[in-house]
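Data block below; observations after.
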Amino acid sequence: MKHFLQFKDFTREEFEYLFERTRLIKAMFKAYTIYHPLKDRMLAMVFEKQSTRTRVSFEAGIHQLGGSSINLTTGETQLGRGEPIEDVARVISRMVDLVMIRTFDQSIIERFAAYSRVPVINGLTNQYHPCQILADVFTYIEHRGSITGKTVAWIGDGNNMCSTWLQAAAIFDFRLHVAAPEGYAVNTSLIAPHELPHLTTFADPMEAARNADLVTTDVWTSMGFESETDERKRDFVDFQVDAEMMSVARHDALFMHCLPAHRGEEVSAEVLEGPQSVVWDEAENRLHAQKALMEYLILGQVAQH
Ligand code: CP
Ligand code: NVA
């Protein structure tokens, strides 16, 4: 049984298989072809933080594959009254086929998975957001071909997205340039030795973006850090992706953002809405990529059709 708790839980070959499936599943969706490989299968979603894209893409996705879902939130379940995650895992996983969890510390999802009878998907933790990077790498390839050998510039908080990009850099063999304000660097305790050569850090975000093939950023204040919002607005003021920053990247560079975006903070409205931005494709691809992921976790590799 496999889980998808961190991006590096899968090999490059597995991602290549998933991208192949994503392309096929997306094409079937666009052609209104009914495809129900997960008929009668049940996905439980556990949200300890808010969500729009993750909730809709998983719920719509499992339905489109013939299955259904249950949405659980902390406040409406016994989790909110302190039921141990190990107990919740043992109960839920006897009743459903797959679990997706969005929570705080990565250790919570690791503990859940250790006690689960069914595959577990990380729908975002404080440390990682592997489903988003799955969609992002797929989106890059869809627009520009192979990401191997390319340069991805991460501007802003060295957060869960940034740490996941670094895992992807080692798997797909590309460079990750990171420019974060002092005190917000990528969490070095999460970096494996073989990932380090893929990372270059910059004090100046313009230098990080120079000649990049992809420029990407994220909110200055991630979920769970709201009490630091005012301080972060001051600390991140020089870290906005704007037209000037995009102009030093490669002429065909793409812009990505996992969304939700704050125009005028981490990205200018001009860049977010501009011709290099692929943020809406990126968001849509969450649906297709996670359908491939759910199919793989439940059925394993299927014969291509
Ligand atoms: N990008 C992303 O995960 O969005 P949501 O928080 O809306 O799920
Ligand atoms: N880094 C952000 C991503 C939101 C999808 C957060 O954790 O809130």
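Looking across segment 36-58, just one residue is among the small types (Gly, Ala, Ser) and in a loop (DSSP other than H, G, I, E, B), and that is Ser51.
Restricting attention to segment 117-138 and to residues that are within 12 Å of ligand 1 (Cβ to nearest atom) and in a helix (DSSP H, G or I), the residue that is nearest to Phe15 (Cα to Cα) turns out to be Leu134. Just name the residue that is farthest from ligand 2 (Cβ to nearest atom) out of those in segment 259-285 that are among the charged types (D, E, K, R) and under 20 Å from Ala203 (Cα atoms). Going through the qualifying residues, I end up with Glu265.
Can you pull out the residues in segment 259-276 that are part of a helix (DSSP H, G or I), surrounded by fewer than 18 Cβ atoms within 10 Å (Cβ to Cβ) and aliphatic (A, V, I, L, M)?
Ala269
Residues that are modelled with pLDDT of 95 or more, away from ligand 1 (no atom under 13 Å from the Cβ), of a type in the set (Ser, Thr, Tyr) and in contact with a Leu (Cβ under 6 Å, 6 or more places away or on another chain) are absent from segment 25-39. If you filter segment 277-304 down to residues that are open to solvent by 10 Å² or more (accessible area, probe 1.4 Å) and without any contact (Cβ under 8 Å) to a residue 60 or more places away in the chain, you find that the one that is nearest to Thr216 (Cα to Cα) is Ser277.
Restricted to segment 43-62, and to residues that are surrounded by fewer than 17 Cβ atoms within 10 Å (Cβ to Cβ) and among the hydrophobic types (A, V, I, L, M, F, W, C), which residue is farthest from ligand 1 (Cβ to nearest atom)? My answer is Ala60. Restricted to helices (runs of 4 or more DSSP H) entirely inside segment 193-258, no element has at least 1 residues that are at pLDDT below 95 and away from ligand 2 (no atom under 16 Å from the Cβ). So is Val186 open to solvent by 10 Å² or more (accessible area, probe 1.4 Å) and away from ligand 1 (no atom under 16 Å from the Cβ) or not? The answer is yes for Val186.
Candidates are the residues of segment 143-175 that are open to solvent by 30 Å² or more (accessible area, probe 1.4 Å) and not in a loop (DSSP other than H, G, I, E, B); the one that is farthest from Asn285 (Cα to Cα) is Arg175.
If you go through segment 63-93 and keep only what is touching a residue at least 60 places away in the same chain (Cβ under 8 Å) and either part of a helix (DSSP H, G or I) or loosely packed, with under 15 Cβ neighbours inside 10 Å (or both), you end up with just Gln64.
Of everything listed in (1) of a type outside the set (S, T, N, Q); (2) assigned to a loop (DSSP other than H, G, I, E, B); (3) under 17 Å from the mean Cα position of the chain (by Cα), the single unmet condition for Phe15 is (2). In a residue-by-residue description of segment 242-253, the property of being free of Cβ contacts under 8 Å to residues at least 40 places away in the same chain, more than 16 Å from ligand 1 (Cβ to nearest atom), buried (at least 18 other Cβ atoms within 10 Å of the Cβ) and of a type in the set (A, V, I, L, M, F, W, C) applies to at least one position. Does Gly149 satisfy the condition of being of a type in the set (Gly, Ala, Ser) and closer than 21 Å to Ala253 by Cβ? Yes; evaluated as a whole, the condition is true for this residue. All conditions but one from (1) at pLDDT below 95; (2) open to solvent by less than 10 Å² (accessible area, probe 1.4 Å); (3) not basic (Lys, Arg) apply to Tyr140; the one that does not is (1).
The values are calculated or read from the model by the stated rules, or taken from the named source; none is laboratory data. Being a predicted model, the structure only gives us computed values, none of them experimental. When we count neighbours, we look across all protein chains shown, and the Cβ atoms used for this are built from the backbone with ideal geometry, even at glycine. Side chains included, ligands, DNA and RNA excluded: accessible areas come from the protein's heavy atoms. Shrake-Rupley method; radii C 1.70, N 1.55, O 1.52, S 1.80 Å.
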